[in-house]
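Written below as structure tokens is the structure these notes are about.
Every read-out reported here was derived from the displayed coordinates using simple, explicitly stated rules and does not represent laboratory data. All values reported here derive from a predicted model rather than from experimental measurement. With ideal geometry, Cβ positions are generated from the backbone for all residues, glycine too; neighbour counts draw on all protein chains shown.
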Amino acid sequence: MILGILGLQGDFYAHKKMGEKLGIETIIVRSPEDFEKIDGLIIPGGESTTITKLLSRYNLIKSLKKFHKEGKPIFGTCAGMILLAKKIDNHPDQFSFGFIDISVKRNAYGRQIESFEEDVSIPIIGKNPFRTVFIRAPKISRMGKSVESLAKHNSDHILAREGNILVGSFHPELTEDTRIYEYFLEMVKRTKP
Ligand code: GLN
């Protein structure tokens, strides 16, 4: 199994390290050919508008759509979640793939200075709380019927899944805790023939 990390902008190396920590071959994805090599993809946090521009500059939009059509799992964190959402409430004209039936609101927790960390319970990864890090994070403002909420922070859904698409509004790569990666890699393993 090979895990791909979209490496256009944002802290993609930190995600790569997490994959390596779990003994998984992990590559940085930057070209259409890279999609042929990978079984699952992580779209990291960063700035969703910048990542979108670079996706089109590097000619990756078609390849990413094809990758999804083939049923291969994608995990979008923070800006990555924005890119996978169906609708962006406060930027309705911004491009997004729409692979998961959610609406999101960008920067919904406030500015960079209002970034925060908190322990939350994520039952699907075990009993111990998970340290979530929110950096100018988006909020999920609507979830379609086929979308399953996997964790909440106060009244907000912060981790959700629809089929082979997983999204989170926080940064799992900024802790030492690999449990969310293990969950995603399990999704990847199951889709491998
Ligand atoms: N604020 C960024 C955006 O709207 C997302 C922040 C992040 O990925 N940490 O694209």
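A few comments on the model shown:
- Sorted ascending by nearby beta carbons within 10 Å, beginning with the fewest, ARG161, ARG111 become ARG111, ARG161.
- Each Lys or Arg adds one and each Asp or Glu subtracts one; over the other residues with Cβ under 12 Å from the Cβ of TYR13, this totals -1.
- Across q = 0.18, 0.21, 0.22, 0.28 Å⁻¹, the stretch 93-140 modelled as identical point scatterers on its alpha-carbon atoms has Debye log10 I(q)/I(0) values of -0.75, -0.88, -0.91, -0.99, in the order of the q list.
- Pairwise inverse Cα distances across the chain, averaged and inverted, put the Kirkwood hydrodynamic radius at 16.4 Å.
- As a proxy for reagent exposure, VAL29, VAL188 were ordered by neighbouring Cβ count within 10 angstrom, fewest first; the result is VAL188, VAL29.
- Those aspartates and glutamates that a straight Cα-Cα span of less than 20 Å connects to LYS192, excepting residues fewer than 8 apart in one chain: GLU20, GLU25, GLU33, ASP34, GLU36, ASP39, GLU70, GLU162, GLU182
- For LYS152, the lysines whose Cα falls under 19 Å of its own Cα, not counting residues fewer than eight places away in the same chain, are LYS105, LYS127, LYS139.
- Cα gyration tensor shape of the stretch 79-174, rounded if a/c is under 1.5, else prolate or oblate by comparing a/b with b/c: oblate
- If you model the stretch 37-101 as an ellipsoid using its alpha carbon gyration tensor, with each semi-axis the square root of five times an eigenvalue, the axes come out at 18, 13, 11 Å, biggest first.
- Cβ-defined net charge surrounding ASP101, 12 Å radius [Lys, Arg +1; Asp, Glu -1]: +3
- By DSSP, the beta bridges lying fully in the chain are antiparallel in about 50 percent of cases.
- Footprinting exposure proxy for SER141, SER155, SER48, SER56 (fewest neighbouring C-beta atoms within 10 Å first): SER155, SER56, SER141, SER48
- Extension gain from GLU114 to ALA14, taking 0.36 nm per residue of separation minus the Cα-Cα distance: 33.8 nm
- Overall form of the stretch 148-193 per C-alpha gyration tensor (a/c, 1.5; a/b vs b/c): oblate
- Most to least packed among 77-88, 59-70 [average Cβ atoms within 10 Å]: 77-88, 59-70
- Size of the stretch 1-57 as Cα extents on the principal axes (Å, biggest first): 32, 22, 11
- Taking a sphere under 10 Å around the Cβ of VAL133 and counting the other residues whose Cβ falls inside, with K and R at +1 and D and E at -1, yields a net charge of -2.
- Magnitude of the charge dipole, the chain, Cβ model with Lys/Arg +1 and Asp/Glu -1, debye to 20: 540 debye
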